[in-house]
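The values are calculated or read from the model by the stated rules, or taken from the named source; none is laboratory data. Please read these numbers as outputs of a predicted model, since none were measured by experiment. Reconstructed Cβ throughout: ideal geometry from the backbone, glycine too, with neighbour counts over all protein chains shown.
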Amino acid sequence: MSDRALHIENLGKRYPTGVEALRDVSLDVEGGEFFGLLGPNGAGKSTLIHCATGLAQPTSGTIRVFGHDAIGDYGEARQLVGLAPQEINLDWFLTVEETLDYHAGYFGMPKRERRERARELIETFSLTEKRDERTRTLSGGMKRRLVLARALMHKPRLLILDEPTAGVDIELRLELWHYVRRINDEGTTILLTTHYIEEAEQLCDKIAFINEGQIVAQGSSAELSATYGVTGLEDAYLTLVGRKELSRSVIQELAS
Amino acid sequence: MTAAQIRFLTLSRREVNRFMKIKKQTIGAPLLETFLYISVFGAALGSRIDKLHGIDYVVFVIPGLIMMAWAINAFSNNASSILQQKFQGAIQDQLSSPASPLELLLAFSLGGFMRGLVVAVLTFIAASILVDLPVDHILILLPGLFLVGFFFAQLGVLIGVRAEQFDDVAIAQTFVLQPLIFLGGVFYSASLLPEPFQTLTHFNPVYYMIALVRYGFLGYSEANVALSLLFLTLATAALFAFNLRLFSRGYKLRA
């Protein structure tokens, strides 16, 4: 099995509407890495993730997950990936525990192992009191925690987090940061998309900027700042999206 | 148990669990509806209607009602379940799993098939208590009913996958399915119809399904039993192949 967690080559995705969401995207995420994908709304972040998890079908290019072709050998590839999507997509008919149990069942995990794993994650994500409640009765923060717990149920080697902290309060955001950092330390590769520059800076070893369906730059936070000739990741990002005038340094200058 | 077996069992369990959790609506309501039909058309009106082909009217309609219950429940369960999961986005959980298109299609089909089976069996038991309902050709009846259930389960999957709003399912059920079933001869013998309706009925595929099931119960058929069975087998296989192709292409399921 290849140690490269994700290998994307010349990936293209054109929707039937004619929208070209991804254009010749090539990207490598090494095993054990914490990789960030940053870009404005509509840049192609979610499409890229959906292509890697089978929720969207690429029009061209190849995707390999730990060496397994995500299209031709999708069974093996998907087994190794856990996805926590941007939109909460919980099943209203299921309880918290059932949500986790069914998910692991879809990935072929035996009953006893499912029970143990569900118990462990329910505890870790402080959902014990709600384990028998239907998902629609949960608060927004609980739903977000459950989505993450579900992605982890089948012990994926590559965890994909699509804007996991969008709309959550500060405590939960920090809690999630602690948790994902811990599982990264334990060896799980993480691909994170986010709008929060601070989140990417805090967590990611490597970051790629995606804009208009193309990877325009990648490297560490310091490397990206150097690429754009600025002092921080936020300014590098603002340069990318052509909004340098919004830089905090410019605003501070104006204020003084 | 292998990983593939666990996966298929879980996918199917999710579909059965869904309708069992709301069984008042998914089992209770259709049972009540079937009993109302039996009461009105069988007991109340039936006493004023002569025997049809030597069979009491109430006994004549019950096989058609059992078939109708299985068909409509198989259809509406699958169409609703898939559309609901698409709406919630919850279907992504199954779609991003290692499950193959065949496993997904079979599991989604099984939910409605099982719900139809439960309603049909309960209707049969209750009807057998109320009237003397014969089972003349069980070897035709069982495959006939299973094929009808599977055909409508497939049709439900197809409509669920294609549908973009709940109206789409309701329209298919109210304006296509129910007229075809009602006009297929659940409540009457097509031979009693004046022309051109008698001939037109022969173009209704449900007519042959009802004829088949009625033959299985009562030993009486207006249509050629062997041909009906063959036609139903071919139609079910074709619809299944079509659905499998849609699932393999990810039609309206994968972007």
Open item on the list: Looking at segment A:112-126, can you tell me whether even one residue there is buried (at least 19 other Cβ atoms within 10 Å of the Cβ), farther than 30 Å from B:Ile22 by Cα and hydroxyl-bearing (Ser, Thr, Tyr)?
Closed with: no
TODO: Name every residue in segment A:236-256 that is of a type in the set (Ser, Thr, Tyr) and either part of a helix (DSSP H, G or I) or at pLDDT 80 or above (or both), in order of residue number.
DONE: A:Tyr237, A:Thr239, A:Ser247, A:Ser249
Open item on the list: Being at the interface with another protein chain (Cβ under 10 Å from one of its Cβ atoms) and assigned to a loop (DSSP other than H, G, I, E, B) is the filter here; which residues of segment A:42-57 pass it?
Closed with: A:Gly54, A:Leu55, A:Ala56, A:Gln57
Open item on the list: When you check B:Gly111 against the structure, is it surrounded by 23 or more Cβ atoms within 10 Å (Cβ to Cβ), under 21 Å from the mean Cα position of the chain (by Cα) and away from every other protein chain (no Cβ under 14 Å), yes or no?
Closed with: no
Open item on the list: Quick check on this structure: which one of B:Phe8, B:Phe60 is crowded, with 21+ Cβ neighbours inside 10 Å, part of a helix (DSSP H, G or I) and within 14 Å of chain A (Cβ to nearest Cβ)?
Closed with: B:Phe8
Task: Filtered residues of segment A:90-110 (kept if facing another protein chain (nearest Cβ under 7 Å) and either in contact with a Pro (Cβ under 9 Å, 6 or more places away or on another chain) or modelled with pLDDT under 95 (or both)) - done: A:Asp91, A:Trp92, A:Phe93, A:Tyr106, A:Phe107, A:Gly108
Open item on the list: Looking at the structure I just gave you, is A:Arg64 crowded, with 17+ Cβ neighbours inside 10 Å, more than 30 Å from B:Ser81 (Cβ to Cβ), charged (D, E, K, R) and more than 14 Å from the chain's Cα centre (by Cα)?
Closed with: yes
TODO: Please work out which residue is nearest to the other protein chains (Cβ to nearest Cβ), limiting yourself to segment B:75-104 and to residues that are touching a residue at least 24 places away in the same chain (Cβ under 8 Å) and polar (S, T, N, Q).
DONE: B:Ser97
Open item on the list: Give all pairs with beta carbons closer than 9 Å in which a residue from segment B:16-35 that is at the interface with chain A (Cβ under 10 Å from one of its Cβ atoms) meets a residue that is surrounded by fewer than 14 Cβ atoms within 10 Å (Cβ to Cβ); count only pairs at least 6 apart in sequence or on separate chains.
Closed with: B:Phe19/B:Gln25
